[in-house]
1. With only alpha-carbon atoms in the gyration tensor, what are the semi-axes of the equivalent ellipsoid for segment 74-173, in Å, largest first?
2. Which value, to two decimals, describes the C-alpha radius of gyration of segment 8-97 once divided by 2.2 N^0.38 Å?
3. Round to the nearest 10 and give me the degree value, 0 to 90, for the angle of helix 155-173's Cα axis relative to the longest principal axis of the chain.
4. Given 37 °C and 0.692 mPa s, how large is the Stokes-Einstein diffusion coefficient of segment 47-93 in µm²/s, with Rh as the Kirkwood radius over Cα pairs?
5. Put a dot 7 Å past each Cα toward the Cβ at ALA111 and ALA89; how far apart are the dots in nm?
6. Treat the count of other C-beta atoms within 10 Å as a stand-in for reagent exposure and order PHE91, PHE169 from fewest to most.
7. For segment 48-63, what does the Karplus curve 6.51 cos²θ - 1.76 cosθ + 1.60, with θ = phi - 60°, yield as ³J(HN,Hα) per residue in whole Hz, taken in order and with x for Gly and Pro?
8. Would you mind ranking ARG150, ARG58 by Cβ crowding within 10 Å, fewest neighbours first?
Amino acid sequence: MSPIEIVITIVAVLAVIAAAAAIWALLRRRNLRSTFGPEYDRVVAEQDSRGAAEHELRERARKHAELNITPLSPESRSRYAAAWEDVQAQFLDAPGAAVGNADELVTRLVAERGYPTGDYAEQVAHLSVEHARTLGRYRDAHEIHLANERGEASTEQLRQAVVHYRALFAELLGEDPVQTQTPTEASTR
């Protein structure tokens, strides 16, 4: 092989390696976007670089894989659904208390499923791996809950918090927390 052929071969091999690395990085990014949805964009906006954000998200996924996330038993699911109905009923007479109870109920459900609940930021990071689509709503609900504790939340904000909590609650429960019946179903029973 002549020196020119060797150089061309080396350049070709380096080009293939660079292309493979670029494709691999693109596939990893696409996988993170798919897994984390809107949470991916939020973390990228918060971090200094896309690489740092993607590292954080991969680290979240790694830590999440170490958790023992368990499904709820039918009895537990039924108990939580009944507790959620109580929260919604309480909203009519005491919206602020209902939001506080919704926050506590979601936290208990999160804990029973196997997520850590000690630190809110850690809890959100773990939830982001499987529940990224509703995580923004959970953050909003939690912010309204904190505003309510300071006496700064309107009734409409409290209503919105309950709606937001319900979205994550339903995902964690695995079904709509309040079973609805059509008028014909109710009348045939």
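Only the coordinates and a few stated rules stand behind these numbers; no lab work does. Every value quoted in this text rests on a predicted model; they were computed, and no experiment measured them. Heads up, the Cβs are rebuilt from the backbone with ideal geometry, glycines too, and the neighbour counts pull from every protein chain shown.
1. Numbers: eigenvalues 83, 56, 23 Å².
Here the semi-axes work out to 20, 17, 11 Å.
2. 1.87
3. Result, in degrees: 60.
4. Details: Rh = 14.2 Å.
Translational diffusion coefficient: 232 µm²/s.
5. 2.4
6. On the way: PHE91 20, PHE169 26.
The order, fewest Cβ neighbours first, is PHE91, PHE169.
7. 6, 8, 4, x, 5, 5, 5, 4, 4, 5, 5, 5, 4, 5, 5, 5
8. Values: ARG150 7, ARG58 14.
Least to most surrounded, the residues fall as ARG150, ARG58.
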